[in-house]
Structure formats: C-alpha cells, structure tokens
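Have a look at the structure below, then the notes.
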Amino acid sequence: MDYFNSPLEKRKVAIVSPKDSFSVMGIKKKLQEAGMDGIVVSPSVFQIESAVDEADPIIYYLDDDIYTLRGEDFLNELKNLCLEQQRLVILVGEKAEYETAIETIPKSAIVEWFPRPVDMDALLATVQKALNGEIAPARKHHILIIDDDVTYMRMLHEWMKERYQITMLDSGGKAIHWLMENNGIDLILLDYEMPSMDGPTVFHMLKEDAATREIPVMFLTGKNDRDLVIKAVDMRPEDYILKTVQKRDLMEKLEDFFKKDREKISKFEESE
C-alpha cells in the first residue's frame, strides 16, 4: 500500500499513552512518514476530543497503568466515548493488558489488537482503513428481551444497560405487535419456554415475516436439557444461552457476536 500518496494527508490519529516511550514515539514517526498526524495524548477523554475529530481513530498504547485506579477510570470514560460518539479504537499491548481492556471497552468498538512488538505495516494498514471509512464504527446496539420472567429481565437489564439500549417485553404476542411498529433492533434474546406463545412459535413468526426475518435471535432457556438444546439448535438461532450464565460470560458472548457482525458487514461492503 502506498501510504505516502494517500489522499488523507492531513488526517489525525490520537495515540493514547501515559508515557512518551520509545515505542510510542516510533508509532508517531511511522504515522507521520505515512502522511498522517499522530498526536500523543495522556489517558484523558478531554485530551482526545481536543486533539482529534470524532471521525479520527484512536490508538491506545496499553501498559501497567491500565491496572491502576486511574487506568480503570479512563477505560470507563473511553467506553462511554466509543458508544456515544461511535469512535474506533486500536489497541496495542500485551495479551493480559488487552484482556483487561476488553472487560470494559466493547469489542465492537475495537478495530484490532496488536501485540508488542508492533507490526507497523499491519498497524498502518488498519489505521488507513479506519480513516477511509472501510471499518464500521461502534454504536450502542439495541437489544430486545422477550421473557415472561420479569425479575430475570430486570436483572439482564441491569447487567446490560450501560453498554446496550434495552427494550423488554413479557410475552411473545406483545413482541410481535411491538415489532410491527418499531425497527432498529440488532438482536433479540427470546425465552424458549413461555406460556400462551412459546419461544419456538415466536421464532417461526419472526422468520416468516419479511420485516423481521433478518433480526438475529438467541434463545434463553432455564433448562440444560439435551433434547431441548438439540431442538433449539435445529431451529438455527444465532445461539442459545442458559439462564444460569454469569454476567461476564453473557457480556463476552454478546460482544463477540456484535464484533463478528460488524466484520461481516465490513466484508460485504468491501465486496460491493
């Protein structure tokens, strides 16, 4: 790729790092050589917003600071920035640092992770794609939960409300009527066993309607029963989730789904 002849010569990239290390300066130099303005800022959302525009990507150079209270506070600020402004983040760091970061930053907001030592050609290519608009930005996905157990739904809402927009409905009938008048749902979490209209019935109705058939569905089930799981999987939902799932495992499953979904959309758009 010819970075020096890029039409985006004046675009900026924020390099977030608590220290002006040799490696950080190396990234800045490479960006400048490629015709991009790498601006080093400390871990501060205010400094990021002052340094670059909303459309410009962020390189977060991770180090031991991420394990401190200051690092934890910045991760939460960065998470909110990504969801509210649809920012793109590229992470550079050790695997343990990366795993700590994604406990807070949505995976769907992370363009790529580069372990150290950094593959500069791959990093520059990723930055260029972000600047060219070839990578879809993160956004706050809208999840519809359909479950007759209101207490369970409220617990899921508490777990997920900071990262996702949540709508809750306590019956399949209400959900079908609501979806007739509302759109923009990115995922449905559907209870497999409900009175009156059960999960499989709702699932079939959704898939038979042109307006809703493309909405991904994950089944929720309170029974770890082999026959039930086989029946659920045979219907080909995106996944099924046991209601005994822990918060961290559920959030990781959702983040993996939305990250893969974003990558699928990006590949489709590239092929157009």
Residue in region 215-234 that is in a loop (DSSP other than H, G, I, E, B) and at pLDDT 90 or above present: yes
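One line per residue, one yes/no per condition, for (1) buried (at least 16 other Cβ atoms within 10 Å of the Cβ); (2) basic (K, R); (3) in the same structural domain as A34 (by TED's automatic domain parsing):
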| residue | (1), (2), (3) |
| --- | --- |
| I146 | yes, no, no |
| K161 | no, yes, no |
| M168 | yes, no, no |
| G184 | no, no, no |
| P200 | yes, no, no |
| I215 | yes, no, no |
| G222 | no, no, no |
Go through region 48-77 and give me each residue that's of a type in the set (A, V, I, L, M, F, W, C) and closer than 22 Å to N132 by Cα. I48, A51, V52, A55, I58, I59
For D63, are the conditions met, namely being among the acidic types (D, E), surrounded by fewer than 21 Cβ atoms within 10 Å (Cβ to Cβ), within 17 Å of I15 (Cβ to Cβ) and without any contact (Cβ under 8 Å) to a residue 60 or more places away in the chain? yes
So which residues in region 98-129 are of a type in the set (A, V, I, L, M) and more than 24 Å from E252 (Cβ to Cβ)? V118, M120, A122, L123, L124, A125, V127
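Residues checked against (1) farther than 25 Å from H141 by Cα; (2) in contact with a strand residue (DSSP E or B) (Cβ under 8 Å, 6 or more places away or on another chain):
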residue	(1), (2)
I15	yes, yes
D20	yes, yes
G71	yes, no
L75	no, no
L78	no, yes
L83	no, no
I102	no, yes
K107	no, no
Please determine, by comparing only the residues of region 235-262 that are surrounded by fewer than 14 Cβ atoms within 10 Å (Cβ to Cβ) and farther than 19 Å from I145 by Cβ, which one is modelled with the lowest pLDDT. K260
Is one or more of the residues making up region 103-119 among the small types (G, A, S), at pLDDT below 95 and part of a helix (DSSP H, G or I)? yes
Need pairs with beta-carbon distance below 9 Å; first residue more than 18 Å from K231 (Cα to Cα) and within region 206-219, second charged (D, E, K, R); sequence gap 6+ or separate chains. R213/K207; I215/D186
Residues being under 19 Å from T68 (Cβ atoms) and among the polar types (S, T, N, Q) - total across region 81-121: 2
Considering only region 35-75, state which residues are acidic (D, E) and not in a strand (DSSP E or B). E49, D53, E54, D56, D63, D64, D65, E72, D73
Matching residues in region 7-34 (buried (at least 16 other Cβ atoms within 10 Å of the Cβ) and not in a helix (DSSP H, G or I)) number 9
Could you tell me which residue of region 165-193 is nearest to K259 (Cα to Cα), considering only residues that are in contact (Cβ under 8 Å) with a residue 40 or more places away in the chain and either in contact with a helix residue (DSSP H, G or I) (Cβ under 6 Å, 6 or more places away or on another chain) or hydroxyl-bearing (S, T, Y) (or both)? L190
Looking at this structure, is M168 within 22 Å of Q246 (Cα to Cα), part of a helix (DSSP H, G or I) and at pLDDT 95 or above? no
Only one of (1) surrounded by fewer than 21 Cβ atoms within 10 Å (Cβ to Cβ); (2) farther than 24 Å from K161 by Cβ; (3) under 20 Å from the mean Cα position of the chain (by Cα) does not apply to E84, and that is (2)
Just to be sure, is I230 of a type in the set (V, I, T) and within 24 Å of K140 (Cα to Cα)? no
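The values are calculated or read from the model by the stated rules, or taken from the named source; none is laboratory data. On a predicted model such as this, the values are computed, not experimentally measured, just so you know. Neighbour counts are summed over all protein chains in view; Cβ atoms, including those assigned to glycine, are modelled from backbone coordinates with ideal geometry.
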